[in-house]
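Quick notes on the structure that follows.
The values are calculated or read from the model by the stated rules, or taken from the named source; none is laboratory data. All values derive from a computational prediction rather than experimental measurement. As a convention, Cβ positions derive from the backbone with ideal geometry for all residues, glycine included, and neighbour counts pool all protein chains shown. The protein model used for the area step is the full one, side chains on, heavy atoms only, and it has no ligands, DNA or RNA in it. Shrake-Rupley method; radii C 1.70, N 1.55, O 1.52, S 1.80 Å.
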Amino acid sequence: PVQIKEFGAVNKIHFSPVPPYNYAVTASSRIHIYGRYSQEPIKTFSRFRDAPYCATYRDDGRLLAAGSEDSSICLFDVSGKAPLRQFEGHTKPVHLVGFLSDKYRIFSGGDDYSSKLWDIPSATEIISYSEHTDYVRCGCASKVNVDVFITGSYDHTVKLFDARTKSSVMTIEHGHPVESVLLFPSGGLLVSAGGRYVKVWDVLKGGQLLVSLKNHHKTVTCLCLNSSGQRLLSGSLDRHVKIYSTTSYKVVHSFNYATSILSLALSPEDETIVVGMTNGVLNVKHRKPEEKSENSQKKRQPAYRTYVKGRSYMPKQEDFCVSKPVKRVLRKYDKLLRSFQSSKALDAVLEPPIMLHTPEVTVAVMQELHRRGTLRSALAGRDEKQVNLLLTFVARRVIEPRFTPVLVIVADMITDIYQPVVGQSAIVDKQFLKLQQAIGKEIDYQEELLEVLGMMDTLFATFTKKRDTCLEENKSNGVTEIIETNRSY
C-alpha cells in the first residue's frame with residue numbers, strides 16, 4: 001500500500017467514472033485530485049470560505065460538486081479552478097451533495113435537517129424537504145430513475161424521495177444514526193450503515209429488511225460496491241474493512257488498518273482501493289497483475305490425422321453441408337480509394353503486372369478518379385519516370401475502342417499539366433511524340449473508315465432504289481417486262 005498524508009481527516013473519497021479514473025479526496029480545507037498512481041495531487045481546489053465536504057463527480061467526470069461548513073454548495077469544472085456555480089439556501093453545514101442521473105440536477109442534505117434539490121443551469125432551488133429531525137449526513141441517487149434519490153439521517157431513518165412529489169415516498173427505520181447509504185445498480189436493493197450494523201432492504205417490497213450484518217465492533221462509517229455488484233465493502237471505526245459476497249452476505253475478506261476509517265472508495269474497474277482515516281492518512285492499495293505461470297503445460301495440439309480426417313468424405317444426399325464464409329480481401333487500390341488517397345491509388349494500378357495483364361483495372365481506377373473530380377490532382381506532381389510510365393500506357397491503349405473515351409480525357413489532362421515542362425526531358429518529349437503519332441494514326445484510320453462507310457452507304461442506297469423499281473415493273477407489265485428488266489442489269 002501507498003501512504004499519502006493529508007492535512008486533516010479524510011471525510012470523502014470519490015473516483016471519476018471515466019478514464020483515467022482520477023479520484024477526489026476531501027480533507028481539511030481543500031479538495032485534492034489524485035491520479036491513479038500519483039503520490040502528489042495533480043489538481044487542488046482550495047477556494048472555500050470554510051471546510052469543504054463530500055466532493056462528488058458527475059457521471060461524465062466533467063463536473064465536481066462539494067458542500068461546505070459555511071452552508072453553501074460549490075460546483076466546479078474539473079479543468080478549471082474557480083466555482084462555476086454557487087448554491088445558497090441551507091442554513092447550516094452541508095455534508096451531502098450528489099448528482100441525479102439526468103446530470104442537470106443536484107440534491108443536497110445539511111445539518112439544518114433539510115434535503116434540497118437544485119437546478120444546475122439556473123443555480124436555483126427546485127424543491128426543499130424538511131422531513132428529517134436530525135442531521136442529514138448521507139445519500140445517493142438512483143441510476144434507474146432520474147427523479148429518485150435517497151437520504152440518511154442521524155434521526156435513525158432513511159427516506160426515499162421522488163422529485164415529482166412534495167414529500168418522501170418511503171421511510172425506512174434503521175435503528176441507529178445512519179452514516180452511509182447505497183443503492184444497488186438495479187435500484188431494487190438498498191444498503192444502510194449505522195451503529196455496528198449494515199442492513200440490506202428490499203425497496204420493491206416497500207422497504208422489507210432482508211439481511212442485518214453485525215461484523216464490526218464499532219460504528220460503520222462508509223459503504224462501497226464493486227463494479228459487478230457481487231462484492232459489498234464496509235469501513236468502520238474499528239480499523240477494519242470487511243468485504244461481503246452479495247449472494248450469501250458472508251465475509252469473504254478483511255483488511256486491517258492503523259486507525260479508524262472515515263471514507264472508502266473502489267476504482268470503477270476494481271483495480272484500486274483507497275481508504276481515508278481520521279489521522280489524515282490516505283491508504284492506496286493496487287491489485288497485483290496476474291502472473292502467468294511459466295511452467296504451465298502448453299495446450300496439446302490435435303493430431304495431424306484430425307485435420308485430414310474429413311478430406312476424402314463425400315456428402316450423402318440427405319446431408320446438409322455448411323460452407324465456410326469466404327473472407328473478402330480488398331485489393332490495394334480499393335483500400336486506397338476507400339481512404340480517398342487518389343495519387344497512391346493511381347500509383348498502385350500503374351504497376352507493370354496490372355498495366356500489362358489487366359489494363360481494364362487501370363482505366364477503371366482512372367475513370368473513378370475522374371468521376372470523383374480528383375483525377376487532375378492525382379496526375380499532377382509526378383517525376384520524369386512516373387510521367388514516362390503514364391504516357392507509355394496512354395499511347396499504347398488509347399487506340400483501343402473500349403478505353404478511348406477515358407484515356408482521351410487523361411491524355412488531355414496530362415498535356416495541360418505538363419505542357420510548361422516540355423523540352424526539359426528527352427524521355428518525356430519522346431513519349432509525347434509517340435502519343436501524338438498514335439493519335440494521328442488513329443485519326444487517319446478513322447477518316448479512311450468514314451470514307452469507306454460513305455461508299456458503302458452510297459452502294460446500299462443504289463441497291464435499294466433499283467430493287468424497288470424492279471418490283472413496280474413486275475406488278476404493272478407482267479412477265480415480259482421482268483425479262484427486259486433483268487437484261488438491263
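The table for this structure:
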item: Unmet requirement for VAL452, which otherwise passes all of (1) of a type in the set (Val, Ile, Thr); (2) surrounded by fewer than 16 Cβ atoms within 10 Å (Cβ to Cβ); (3) part of a helix (DSSP H, G or I); (4) touching a residue at least 24 places away in the same chain (Cβ under 8 Å); result: (4)
item: Residues satisfying the stated conditions in region 184-212, i.e. part of a strand (DSSP E or B) and open to solvent by 20 Å² or more (accessible area, probe 1.4 Å); result: LEU189, TYR197, LYS199, ASP202, GLN208, LEU209, LEU210, VAL211, SER212
item: VAL181 being without any contact (Cβ under 8 Å) to a residue 60 or more places away in the chain, assigned to a strand (DSSP E or B) and under 24 Å from GLY229 (Cα atoms); result: yes
item: Residue match in region 464-485 (condition: surrounded by fewer than 11 Cβ atoms within 10 Å (Cβ to Cβ) and modelled with pLDDT of 60 or more); result: yes
item: Residues of region 365-404 satisfying the condition of being open to solvent by 50 Å² or more (accessible area, probe 1.4 Å) and part of a helix (DSSP H, G or I); result: GLN367, HIS370, ARG371, ARG372, ARG376, SER377, GLU384, LYS385, GLN386, LEU389, ARG396
item: Residue, surrounded by the most Cβ atoms within 10 Å (Cβ to Cβ), within region 245-278, restricted to residues that are without any contact (Cβ under 8 Å) to a residue 60 or more places away in the chain, touching a His at 6+ places or on another chain (Cβ under 9 Å) and assigned to a strand (DSSP E or B); result: ILE261
item: Subset of region 104-124 [in contact with a Ser or Thr (Cβ under 7 Å, 6 or more places away or on another chain), among the aromatic types (Phe, Trp, Tyr) and in a loop (DSSP other than H, G, I, E, B)]; result: TYR113
item: Region 405-449 - residue that is open to solvent by 80 Å² or more (accessible area, probe 1.4 Å) and polar (S, T, N, Q) and, of those, nearest to the chain's Cα centre (by Cα); result: GLN419
item: Residue within region 163-170 that is open to solvent by less than 50 Å² (accessible area, probe 1.4 Å), closer than 19 Å to LEU96 by Cβ and not in a strand (DSSP E or B) present; result: yes
item: Of all residues making up region 1-52, the number that are surrounded by 19 or more Cβ atoms within 10 Å (Cβ to Cβ), outside any strand (DSSP E or B) and modelled with pLDDT of 90 or more; result: 2
item: LEU389 being over 21 Å from LYS430 (Cα atoms), among the aliphatic types (A, V, I, L, M) and either within 42 Å of the chain's Cα centre (by Cα) or at pLDDT 85 or above (or both); result: no
item: Candidates VAL136, VAL146 - the one that is over 18 Å from TRP201 (Cα atoms) and open to solvent by less than 20 Å² (accessible area, probe 1.4 Å); result: VAL136
item: Within region 419-436, considering residues that are free of Cβ contacts under 8 Å to residues at least 40 places away in the same chain and part of a helix (DSSP H, G or I), the one nearest to PRO401 (Cα to Cα); result: GLN436
